[in-house]
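*Asks:* Below is a structure I'd like to ask you about.
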Amino acid sequence: MPDTIGELSAVELSAAIREKKVSAREALAEHLDRISEVNPVINAVVTLDADGAHALAHRADQLTASGADLPPLHGVPMTHKDTNNTAGMRTTQGSLALRDFVPDADDLIIARLKQAGVVSTGKTNVPEFGAGSHTFNDLFGTTTNPYAPTLSAGGSSGGVAAVVASRVQSIGDGSDMGGSLRIPASFCNVVGFRPSTAVIPMPSDVNAFAWLGRTGPMARSVEDIALFMSVTAGRDPRVPHPEGLNPDVFRASLKTDMRGVRIGWSRDFGIGVPVEPEIVEHLERQLAVFEELGAIVEEATPDFSEADLVFGNTRAMDFAAGLGPLLARAGDVVKPEVHWNVNKGYALTARDLIETAAARTRLERAVQAFFGRYELFASPCAQVLPFDAALRYPLEVAGVPSETYLDWMRSACLLSATGLPVLSVPAGFSSAGLPIGLQLASNHYTDMQLLRYGRAFEQQTGYAAVAPVVKAEPLTTACA
């Protein structure tokens with residue numbers, strides 16, 4: 001076993017608790033101690049219920065002693081992303097407008113994690129309403145990168161990525177509309193997974209047919225990602241989507257043979273997406289890992305020429321539907337980027353919606369044409385290395401100015417527009433020691449095979465085992 005409980009994976013920790021090598025209370029004590037140690041530096045945990053967590057851990061240990069059957073994540077401590085509702089625990093979405101909001105019910109992903117035995121301890125920081133891939137807000141401030149605490153941890157699941165990387169916990173829940181699981185995973189040297197549509201259902205009173213946003217996991221290993229999926233995936237009658245995947249799929253073996261697997265790689269998605277040269281050069285060297293495993297890597301990409309339109313209009317419509325009423329009553333305390341997205345949604349015309357549907361249809365045809373030849377698409381996860389945490393977003397990428405707060409996220413947004421399952425895996429470090437992630441995508445509902453491919457890369461490289469040393473002074477500069 002590793003030297004500390006915090007180094008254990010979720011698979012290892014849950015097994016250790018079930019086998020009575022570690023108690024749930026011991027796991028919780030290590031978790032809380034680690035929060036006390038690193039949170040003054042990275043500012044990732046924004047709500048903490050230590051008393052409630054102690055009670056849950058005590059009950060978990062009583063269940064262990066009883067000899068009863070134990071759930072898969074029995075006794076594993078976990079903070080949750082602050083955009084995911086937690087019953088009886090403050091859920092602010094990083095907004096002054098919701099600073100005192102305490103939900104009556106858990107979101108489905110949280111309910112399933114609790115049913116699986118998780119000991120909920122608190123909430124992690126997010127950008128306001130999850131808007132943008134840099135985690136800062138006027139309520140709690142900025143979350144920073146464990147590997148370089150003056151730089152961004154990414155977002156919107158930046159708080160989750162930071163605590164997983166910092167060994168506060170092994171695994172965590174997040175969400176992803178335009179890269180919110182993948183970009184922070186890339187910035188913080190962890191694994192982030194955006195599943196296929198409705199594999200983890202997202203019930204909604206506003207739009208049960210919404211498809212762009214997803215909930216999903218972050219972890220330090222693909223094995224833990226599969227464990228998370230095995231307890232959170234599965235149908236919900238409130239979501240009228242295809243059946244998707246049975247959660248039992250994620251309990252199968254992660255072993256795979258990559259000999260003959262065809263991988264299409266693109267440095268710019270075929271449409272000139274700017275990416276910092278060091279990222280591209282580093283990732284192209286990493287592709288040799290797949291070739292050593294017997295895969296065939298070629299430069300190839302789906303036709304993403306209409307993906308920006310699909311993503312931008314769909315996101316705007318979803319923002320207007322979900323946040324428009326809130327802005328009407330409390331918009332004076334909400335950041336301008338959210339107003340911009342909501343206003344764009346309200347400005348969409350019937351012609352815009354018709355064109356978006358047609359463009360999405362053509363994009364899907366392009367995706368299927370690509371997967372008629374290849375099993376996997378590889379690309380840069382983030383267009384930039386972790387940047388100055390005092391910025392709202394990068395003002396330029398590889399010399400190209402950013403016109404909106406979304407421009408530097410296109411590497412993730414383009415794949416969101418396809419609806420495909422997408423995985424970010426640690427792929428090494430820059431010359432300055434900053435994490436770099438590789439983004440992998442496969443066809444719809446091939447989620448488990450995608451995890452197998454990611455696991456094969458992970459086993460050959462082991463980058464996620466390189467832990468940060470969190471000892472720097474905390475960030476004090478507000479975002480400009």
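The values are calculated or read from the model by the stated rules, or taken from the named source; none is laboratory data. Everything quoted here is computed from the prediction, not taken from an experiment. Neighbour counts run over all protein chains shown; Cβ positions are idealised from the backbone, glycine included. Note: areas computed on protein heavy atoms with side chains; ligands, DNA, RNA excluded. Shrake-Rupley method; radii C 1.70, N 1.55, O 1.52, S 1.80 Å.
*Asks:* Just to verify a result, which residue in region 99-126, among those that are free of Cβ contacts under 8 Å to residues at least 40 places away in the same chain and either under 20 Å from the mean Cα position of the chain (by Cα) or under 27 Å from N145 (Cβ atoms) (or both), is surrounded by the fewest Cβ atoms within 10 Å (Cβ to Cβ)?
*Replies:* A111
*Asks:* If I go through region 355-381 residue by residue, how many of them are assigned to a loop (DSSP other than H, G, I, E, B) and in contact (Cβ under 8 Å) with a residue 24 or more places away in the chain?
*Replies:* The number of residues fulfilling the criteria is 4.
*Asks:* Now for a separate question. Which residue pairs have Cβ atoms under 6 Å apart, sit 6 or more places apart or on different chains, and have a first residue in region 142-170 that is closer than 17 Å to A432 by Cα and a second that is open to solvent by 10 Å² or more (accessible area, probe 1.4 Å) and aliphatic (A, V, I, L, M)?
*Replies:* T144/L475; N145/L151; P146/V470; P149/V41; P149/A472; T150/L475
*Asks:* Go through region 236-252 and report how many residues are surrounded by 12 or more Cβ atoms within 10 Å (Cβ to Cβ) and either touching a Leu at 6+ places or on another chain (Cβ under 9 Å) or over 16 Å from H444 (Cα atoms) (or both).
*Replies:* 6
*Asks:* I'm checking my understanding of the structure. Among residues of region 234-264 that are part of a helix (DSSP H, G or I) and touching a residue at least 60 places away in the same chain (Cβ under 8 Å), which one is farthest from I109 (Cα to Cα)?
*Replies:* The selected residue is V249.
*Asks:* Within region 294-351, track down each residue that is of a type in the set (K, R) and assigned to a loop (DSSP other than H, G, I, E, B).
*Replies:* If the condition is that a residue be of a type in the set (K, R) and assigned to a loop (DSSP other than H, G, I, E, B), then K335 is the only one that fits.
*Asks:* Mind checking which residues of region 273-308 are touching a Gly at 6+ places or on another chain (Cβ under 9 Å), under 23 Å from E396 (Cα atoms) and open to solvent by 30 Å² or more (accessible area, probe 1.4 Å)?
*Replies:* S305, the sole residue that qualifies.
*Asks:* Condition test on A417, is it farther than 23 Å from V261 by Cα and part of a loop (DSSP other than H, G, I, E, B)?
*Replies:* no
*Asks:* Additional query: Search region 391-411 for residues being touching a residue at least 24 places away in the same chain (Cβ under 8 Å) and in a loop (DSSP other than H, G, I, E, B), and hand back the single one that is nearest to T150 (Cα to Cα).
*Replies:* L391
*Asks:* Can you tell which of V384, V425 is part of a strand (DSSP E or B) and touching an Asp or Glu at 6+ places or on another chain (Cβ under 7 Å)?
*Replies:* Among V384, V425, only V425 is part of a strand (DSSP E or B) and touching an Asp or Glu at 6+ places or on another chain (Cβ under 7 Å).
*Asks:* Among the residues of region 309-332, is any loosely packed, with under 13 Cβ neighbours inside 10 Å, farther than 30 Å from F101 by Cα and not hydroxyl-bearing (S, T, Y)?
*Replies:* no
*Asks:* Still on this structure, please answer the following. Could you count how many residues in region 46-72 are without any contact (Cβ under 8 Å) to a residue 12 or more places away in the chain and assigned to a helix (DSSP H, G or I)?
*Replies:* 7
*Asks:* Could you identify the single residue in G132, G75, G117 that is outside any helix (DSSP H, G or I), over 17 Å from M218 (Cα atoms) and in contact with a His (Cβ under 8 Å, 6 or more places away or on another chain)?
*Replies:* Checking each option against the conditions leaves just G117.
*Asks:* On to the next question. Restricting attention to region 200-233, report how many residues are among the aliphatic types (A, V, I, L, M), closer than 25 Å to L323 by Cβ, touching a strand residue (DSSP E or B) at 6+ places or on another chain (Cβ under 9 Å) and not in a strand (DSSP E or B).
*Replies:* Residues in region 200-233 being among the aliphatic types (A, V, I, L, M), closer than 25 Å to L323 by Cβ, touching a strand residue (DSSP E or B) at 6+ places or on another chain (Cβ under 9 Å) and not in a strand (DSSP E or B): 2 in total.
*Asks:* Quick one: how many residues across region 450-480 are at pLDDT 95 or above, closer than 19 Å to V163 by Cβ and assigned to a loop (DSSP other than H, G, I, E, B)?
*Replies:* 3
*Asks:* Could you check how many residues of region 30-67 are surrounded by fewer than 19 Cβ atoms within 10 Å (Cβ to Cβ) and among the small types (G, A, S)?
*Replies:* 7
*Asks:* Filter region 1-21 down to residues that are open to solvent by less than 10 Å² (accessible area, probe 1.4 Å) and outside any helix (DSSP H, G or I), then give me how many there are.
*Replies:* Residues flagged as open to solvent by less than 10 Å² (accessible area, probe 1.4 Å) and outside any helix (DSSP H, G or I) within region 1-21 amount to 1.
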